[in-house]
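Here is the structure we will look at.
The values are calculated or read from the model by the stated rules, or taken from the named source; none is laboratory data. If you're wondering where the values come from, they're calculated on a predicted model, not measured in any experiment. No Cβ is skipped: glycine too gets one built from the backbone with ideal geometry, and neighbour counts run over all protein chains shown. The accessibility values were calculated without ligands, DNA or RNA, using every heavy atom of the protein model including side chains. Shrake-Rupley method; radii C 1.70, N 1.55, O 1.52, S 1.80 Å.
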Amino acid sequence: AAIALLLPDERERVARFHFERDRRLHLCARALLRRSLSACASDVAPTAWRFAAARENGRPEIAAPDSPLRYSVSHTQGLALVAVTLARDVGADAERIPAEVPADVVERAFTEAERAALDAAAARGRAERFATIWTMKEAYAKALGLGLALDLERIGFDLSPPRLAAGGDGRSWHFECMAPTPEHRAAVCAHADGGVLRVSVGSLPALGSPAAQAVRGS
């Protein structure tokens, strides 16, 4: 059912993955993207979306049909995440909580304040906090369209509430942090320009269910 939603070039990319788990995860992410966009634009079938090739470190874009929607996709072991906005820059990231906090990543990509907060947290809380901050950094980088070009060590975040605390204008960006499963953390960053955003979070029905058939046929 998921493969039926994809274009031939997307199916070829799925087939090139060496491991079956990676093929299935990429397939689910692409199908989820198409269904999520159609859930926000009910007059467009999931198979009708066309995507422009993203420039290096650039944001992906919709090539057709003409639409004000913007999106960001992320997937990690066991989870695929799609964020869709109406005419706002957006970035999304999902990560599996690591068994141990990777010291090298903290050293090169976390601010002094973030490192201090990690050191003060309990062992389990430290891994969860690391995953949350890391998803916020990745989501912010995607929303900016900078990817790996962003100096993450200069970009700092607070978690209560989730916000950009250093390295940028915190009033211009809205963050949503989520725990979609006990093993995962996720974040979405959207341009707010000092305003208030209405954000909804949910799961689409499984492919092949009656609800999914309705979305696919819309």
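Computed values, structure above
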quantity: Single match in Val201, Val215 (criterion: of a type in the set (Val, Ile, Thr) and either open to solvent by 50 Å² or more (accessible area, probe 1.4 Å) or modelled with pLDDT of 95 or more (or both)); calculated: Val201
quantity: Among the residues listed as Ala121, Ala94, the single one being among the aliphatic types (A, V, I, L, M) and within 30 Å of Arg23 (Cβ to Cβ); calculated: Ala94
quantity: Residues satisfying the stated conditions in segment 131-169, i.e. basic (Lys, Arg) and closer than 18 Å to Tyr71 by Cβ; calculated: Lys142
quantity: Extreme residue, farthest from Ala166 (Cα to Cα), among residues of segment 102-117 that are charged (D, E, K, R) and open to solvent by less than 80 Å² (accessible area, probe 1.4 Å); calculated: Arg115
quantity: Hits in segment 78-97 (condition: part of a loop (DSSP other than H, G, I, E, B) and open to solvent by 30 Å² or more (accessible area, probe 1.4 Å)); calculated: Gly78, Ala87, Arg88, Asp89
quantity: Flag if Ala53 is within 23 Å of Gly147 (Cα to Cα) and open to solvent by 80 Å² or more (accessible area, probe 1.4 Å); calculated: yes
quantity: Selection from segment 171-191 of residues that are surrounded by fewer than 17 Cβ atoms within 10 Å (Cβ to Cβ) and farther than 22 Å from Arg96 by Cα; calculated: Arg171, Ser172
quantity: Which listed residue, of Ala1, Ala94, Ala45, Ala53, is modelled with pLDDT under 95, aliphatic (A, V, I, L, M) and touching a helix residue (DSSP H, G or I) at 6+ places or on another chain (Cβ under 8 Å); calculated: Ala1
quantity: Failed condition for Glu61, given (1) of a type outside the set (Val, Ile, Thr); (2) touching a strand residue (DSSP E or B) at 6+ places or on another chain (Cβ under 7 Å); (3) at pLDDT 95 or above; (4) open to solvent by 70 Å² or more (accessible area, probe 1.4 Å); calculated: (3)
quantity: Within segment 15-39, considering residues that are surrounded by fewer than 18 Cβ atoms within 10 Å (Cβ to Cβ) and charged (D, E, K, R), the one farthest from Ala141 (Cα to Cα); calculated: Glu20
quantity: Yes/no for Ser42 being outside any strand (DSSP E or B), polar (S, T, N, Q), surrounded by 14 or more Cβ atoms within 10 Å (Cβ to Cβ) and over 19 Å from the mean Cα position of the chain (by Cα); calculated: no
quantity: Output for segment 8-22, where each listed residue is under 17 Å from Arg34 (Cα atoms) and either in contact (Cβ under 8 Å) with a residue 12 or more places away in the chain or in contact with an Asp or Glu (Cβ under 6 Å, 6 or more places away or on another chain) (or both); calculated: Glu10, Arg13, Val14
quantity: Count of segment 144-165 residues which are more than 15 Å from Ala117 (Cβ to Cβ) and small (Gly, Ala, Ser); calculated: 3
quantity: Residue ID - farthest from the chain's Cα centre (by Cα), chosen from residues in segment 118-141 that are open to solvent by 60 Å² or more (accessible area, probe 1.4 Å) and in contact (Cβ under 8 Å) with a residue 12 or more places away in the chain; calculated: Arg126
quantity: Matching option when the condition is of a type in the set (A, V, I, L, M, F, W, C) and closer than 22 Å to Gly202 by Cα, among Val82, Val106, Val101; calculated: Val82
quantity: His75 in contact with a strand residue (DSSP E or B) (Cβ under 8 Å, 6 or more places away or on another chain), without any contact (Cβ under 8 Å) to a residue 60 or more places away in the chain, open to solvent by 70 Å² or more (accessible area, probe 1.4 Å) and farther than 26 Å from Asp158 by Cβ; calculated: yes
